[in-house]
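Worksheet: one structure, shown below.
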Amino acid sequence: QLQASGGGLVQAGGSLGLSCAASGNIFSINVMGWYRQAPGKQRELVAAATKGGTIYYADSVKGRFILSRDNAKNTVHLQMNSLKPEDTAVYYCKTSKFSGMEYWGEGTLVTVSS
């Protein structure tokens, strides 16, 4: 089970944070991260971190978003800075196990006003 929190409405240039906590069957979680889906667009990867510490960022968020992960707590936090209207989307937390199984959290809406 993934519990996401954060999101909301912010003006362009502002900041928001998203947190996601995994519970229940958390054994062998490898990747934790965030995807987003804007209206009329496909869901895309925003940022993700492996258990070993490798972090991936989409080009569109590099330098603005920071992903941090706490393996002991099975949490991942996405700090979003210098937000742009094009960052407006529903954001989804996702985990992937070493087995390949994937789990999605419920989406949380981020709206950036211009």
If you go through region 1-16, how many residues are within 18 Å of Tyr57 (Cβ to Cβ) and outside any strand (DSSP E or B)?
1
Quick check on Ala89: is it in contact with a strand residue (DSSP E or B) (Cβ under 8 Å, 6 or more places away or on another chain), more than 17 Å from Ser19 (Cα to Cα) and not polar (S, T, N, Q)?
no
Tally of residues being of a type in the set (Val, Ile, Thr) and within 12 Å of the chain's Cα centre (by Cα) across region 1-54
2
Of those in region 93-107 that are outside any loop (DSSP other than H, G, I, E, B) and among the hydrophobic types (A, V, I, L, M, F, W, C), the residue surrounded by the fewest Cβ atoms within 10 Å (Cβ to Cβ) is Trp104
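Throughout, read-outs are computed from the coordinates displayed, never taken from laboratory work. These figures come from a predicted structure and were not determined experimentally. Counting neighbours? That spans all protein chains shown, and the Cβs are built from the backbone with ideal geometry, glycine included.
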